[in-house]
1. Can you give the local net charge around T23? Use residues other than it whose beta-carbon is closer than 14 angstrom to its beta-carbon, Lys and Arg +1, Asp and Glu -1.
2. Can you bin every Cα-Cα distance in segment 228-303 into 5 Å intervals starting at zero and give me the percent of pairs per bin, rounded to whole numbers?
3. Starting with the highest mean, order 92-99, 282-289 by the number of other Cβ atoms within 10 Å, averaged over the residues of each peptide.
4. So for F45, F365, what's the accessible-area order with a 1.4 Å probe, most first?
5. If we count every other residue with Cβ under 14 angstrom of V280's Cβ, Lys/Arg +1 and Asp/Glu -1, where does the sum land?
6. What is the dipole size for segment 1-112, taken about its Cα centre, with +1 at each Lys and Arg Cβ and -1 at each Asp and Glu Cβ, in debye to the nearest 20?
7. Classify segment 31-152 from the C-alpha gyration tensor, please: rounded if a/c falls under 1.5, else prolate or oblate depending on whether a/b exceeds b/c.
8. Of the listed pairs K51/K297; K234/K284; K44/K73, which have alpha-carbon separations greater than 18 Å here?
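The values are calculated or read from the model by the stated rules, or taken from the named source; none is laboratory data. Every value quoted in this text rests on a predicted model; they were computed, and no experiment measured them. Methodologically, a virtual Cβ is constructed for each residue, glycine included, from the backbone with ideal geometry; neighbour enumeration extends over all protein chains shown. In case anyone asks, the SASA skips ligands and DNA or RNA and just uses the protein heavy atoms, side chains included. Shrake-Rupley method; radii C 1.70, N 1.55, O 1.52, S 1.80 Å.
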Amino acid sequence: MADLSAEASLSLGDSCQVDENYTEAIDCYAAALSVARKSEDLVKFRAHSHKSGALLKLDRCDEALEDAQEALKLLSSGLSGLRSGEGEICQKRKGLAAFQLKKYAEAKEALQHAMQLATLNNRTVEEYKKVIGICDDRLKSPATAATTKASTGDKKATPAAPAASTSTDKPASKAAPKVEEVTEEKEEKKPEHVFKTIGSLVPESSSRVAGTGGAKQKPQMPKYQYYQDEKWMKIAILEAGITEKDVHIHMGTKQLTVIIKKKGIEYTVIANVLYTEIDVEKSKVLFKGEKILLKLKKQSEKYEWHELFGKNEEFKSSLPTKPKVAAAPPRPYASHKDWDKVEKEVVQEEKNEKPPPGENQMNKFFQQIYADADPETKRAMIKSYQTSGGTVLSCNWDEVKKKDYEGKDRVAPKGMEWKNWEGDKYPVKEDD
């Protein structure tokens with residue numbers, strides 16, 4: 001791992017976290033932070049944020065809170081290149097860690113920020129409201145208030161942005177439910193206050209106050225990345241806040257189609273044939289907070305895919321074809337010439353063209369012979385002319401292939417003789 005770049009260590013950590021190897025994921029994120037350059041603030045932010053999520057899975061809430069705070073410090077410096085949902089989920093992780101540590105004021109502040117970001121994108125905020133309500137109940141308790149005051153050193157909490165109205169006059173619960181981040185949907189019944197899928201957001205620098213200023217941005221095509229091991233090909237679609245009802249996924253033994261509906265617009269993210277066959281029954285689809293994960297079970301284990309997609313003409317032919325559009329009416333200046341016919345006429349004219357007189361006529365004659373000759377005739381003409389220094393031009397390959405025009409079969413034109421650079425005469429075959 002020491003030879004990996006910060007980006008590569010971060011990707012490896014994400015892969016380990018997907019496989020629920022949280023301890024290894026934490027080590028990978030720590031490695032990414034140790035080798036990250038000063039200019040790689042975005043990588044550092046993701047490493048701290050993702051590490052916080054892995055630490056929460058292991059109930060290491062003190063460390064999770066520290067990493068979430070470090071990530072938010074980097075976020076406040078004005079990062080560019082954030083993916084949708086990253087800032088909100090980082091605030092949520094801070095709130096969850098603080099809640100588990102009974103730091104209810106800090107948890108409430110973080111969760112209110114997260115709820116604001118979710119509101120901007122019309123995402124559900126009911127789960128936020130429930131946990132913020134629990135925080136309010138705990139803060140009203142005298143024992144909790146004293147503990148909070150002692151832990152903060154009698155400092156006033158930073159006022160959080162106003163959240164949606166919550167009921168604070170209901171009686172306090174006897175026991176605080178455990179709040180955890182859900183990374184995949186399961187069939188069993190979830191506790192009342194467990195967080196579900198978190199919505200997407202815009203960068204925090206442009207979303208200080210909900211519902212104010214700024215034109216609505218057009219949704220972008222969701223991006224995806226993939227990686228593999230001996231048994232699985234894993235495809236992560238990097239789009240937060242997507243639920244099962246917003247996605248259409250079709251898996252075949254060698255085909256994959258993924259269509260996502262986002263703000264009323266359908267995007268075909270993947271529609272292609274896979275590199276090789278998969279086991280459809282053992283393949284999985286997991287809905288994460290920040291992405292959708294497709295785990296494709298390889299039919300042939302320990303077989304590396306050189307790429308994600310392959311080639312299959314049958315798959316292409318099965319795709320719906322576009323309806324035929326009637327030909328447009330002719331335009332006033334449109335050309336009606338048959339250019340194929342024009343080309344044939346030009347070629348025929350060149351063949352029928354009379355060669356110019358004199359030496360050019362002879363060259364034209366030889367060019368015509370060469371153009372119409374078979375491969376052996378062309379070979380004979382090239383060898384005889386080049387090896388004889390331009391003194392012989394023969395079309396008989398059976399004769400030329402036996403000749404040595406640079407040696408014993410050297411021929412000199414009448415009235416001329418071959419000499420070397422020292423002026424010595426070469427022996428030549430007498431020209432008949």
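1. Numbers: positive: K51, K57, R60; negative: D19, E20, E24, D27, D59, E63.
Result for the local shell: -3.
2. Taking every Cα pair in segment 228-303, the percentages come to 3, 15, 27, 24, 16, 9, 3, 1, 0.
3. Per-residue Cβ counts within 10 Å, averaged per peptide and sorted highest first, yield 92-99, 282-289.
4. On the way: F45 0, F365 115 Å².
Order by accessible area, largest first: F365, F45.
5. Details: positive: K254, K282, K284, K295, K297, K298; negative: E277, D279, E281.
Value of the local net charge: +3.
6. My answer is approximately 440 debye.
7. The shape class here is oblate.
8. On the way: K51/K297 27 Å; K234/K284 10 Å; K44/K73 11 Å.
In this structure, K51/K297 lie more than 18 Å apart at Cα.
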